[in-house]
Amino acid sequence: MSEMLIQVQGLYYHYPDGTAALEDVSFTIHRGEKVGLIGPNGAGKSTLLLHLNGILRSSSGQITIDGLPLTERSLRQIRAQVGLVFQNPDDQLFSTYVHQDVAFGPLHMGLPDAEVERRVEQALEAVGMRGAAGRISFHLSGGEKKRIAIATVLSMQPKILILDEPSSGLDPRGRRSLIQLLASFTDQTLLISTHDMRLAYDLCSRVIVLDEGKIAADGPAADLLTDAILMERHGLESVGHV
């Protein structure tokens, strides 16, 4: 079996008003896997993602990334390994020019200018946006913004790429292009939260079903996503109905 890269054990989290968001969530993800995280609105998917690089901290439970337990002391190391791409790229792109956005992370890592430039060029090449460094970020199309948002994370060279609803707001052409892009990534382990069952089916070998803050199912994507009874029980559509 391949090496475990993400381990989540007995994770609980309550919102400030006391509402339970995650209850006894446990799973492992191995190096190189592409895993879909699916579930209805309010299931706790985004809350779970925000725990994996320490933006949110659990009431109890343990997260281990590449053998390193997530603690205050290890937070910086783990954030360098876990790249999070938000649902809305405008939450990730805040500079005037694409180059500034993609270079932001490597610059704040204290890397030499030559290495920053190499990483920017490499990240833009990886997302099919070579030559876009001089473009104005807010002039990009929705699909282009998604790609640049991914590039801002890739420039940090993380081991794990976490994406929250990556196909949200894309037209069919942009969606297909995004699926092809994510399928091409072989150096990162992917965890993708999505309501797009077809994307999960086409891209992921495995899916985790989260409902009411609990893991309801975890198994091969081809099996779970075609199980109409399971999908309906958790407010989802099987791929046969997409």
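A Gaussian network model of the chain, with springs between Cα atoms under 10 Å, assigns the largest mean-square fluctuation among Pro16, Pro220, Pro40 to Pro16.
In a DSSP loop and with at most 14 other Cβ atoms within 10 Å, the chymotrypsin sites (Phe, Trp or Tyr not before Pro) in the range 65-118 are Phe94. Computed over the chain with a Gaussian network model linking Cα atoms closer than 10 Å, the most mobile of Gly42, Gly110, Gly83 is Gly110. If you build a Gaussian network model of the chain, linking Cα atoms that sit under 10 Å apart, which residue out of Val116, Val98, Val153 swings the most? Result: Val116 has the largest fluctuation of those listed. Only Cα sites of the range 199-242 enter the Debye sum here, all with the same form factor; the resulting log10 I(q)/I(0) across q = 0.17, 0.34 1/Å is -0.40, -1.33, listed in q order.
Determine, from the Cβ-Cβ distance of Ser205 and Leu107 and an R0 of 25 Å, the FRET efficiency 1/(1 + (r/R0)^6), rounded to the nearest 0.05. Please list the in-between numbers first.
Working: r = 35 Å, r/R0 = 1.41.
About 0.10, to the nearest 0.05.
Bridging of Lys214 to lysines at a Cα separation below 25 Å is possible for Lys34, Lys45, once same-chain residues fewer than 8 apart are set aside. Amide H to amide H distances under 5 Å link Asp66 with Ile6, Gln7, where only residues 5 or more positions off or on other chains count and H is placed in the peptide plane. Within the chain, the longest run free of exposed loop sites, counting GluC sites (Glu not before Pro) that sit outside DSSP helix and strand states (H, G, I, E, B) and have at most 10 other Cβ atoms within 10 Å, spans 73-242.
Can you give the percent of C-alpha pairs in the range 1-74 whose distance is more than 13 Å? Each step should come with its number before you reach the end.
Working: 1815 of 2701 pairs.
Looking at the range 1-74, the distances longer than 13 Å represent 67 percent of pairs.
Grab the DSSP H runs of the chain that are 4 residues or longer, score each as -39,500 (n - 2.57), total them, divide by all residues and round the 222 nm result to the nearest 500 deg cm²/dmol. Please list the in-between numbers first.
On the way: 9 runs with 81 residues, N = 242.
Calculated mean residue ellipticity at 222 nm is -9500 deg cm²/dmol.
What per residue convex hull volume, in Å³, do the alpha-carbon atoms of the range 135-234 yield? Intermediate values should be presented prior to the final figure.
Values: hull volume 12.3 nm³, N = 100.
Taking the convex hull of the Cα positions in the range 135-234, it is 123 Å³ per residue.
Once the chain from Phe138 to Glu121 is taken as fully extended at 0.36 nm per residue, the excess over their C-alpha distance is 4.1 nm. Of interest is the spacing of the C-alpha centroids, which for the range 205-235 and the range 85-140 amounts to 35 Å. For Glu72, project a label point 7 Å along Cα to C-beta. Then give me every residue of the range 22-57 with its amide nitrogen under 20 Å of that point. Answer for this model: 51-57.
In square nanometres, what is one fourth of the surface area of the convex hull spanned by the alpha carbons of the chain? Intermediate results must be reported in sequence, preceding the final value.
Values: hull surface 53.1 nm².
The orientation-averaged projected area of the Cα hull of the chain comes to 13.3 nm².
With a sphere of radius 12 Å drawn around the Cβ of Leu111, what net charge do the other residues whose Cβ falls strictly inside it have (Lys, Arg +1; Asp, Glu -1)?
Working: positive: Arg118, Arg119; negative: Asp113, Glu115, Glu117.
Combined, the nearby Lys, Arg, Asp and Glu give -1.
Only the coordinates and a few stated rules stand behind these numbers; no lab work does. Just so it is clear, the model here is predicted, and its values are computed rather than measured. Cβ atoms come from the backbone with ideal geometry, glycine included; neighbour counts cover every protein chain shown.
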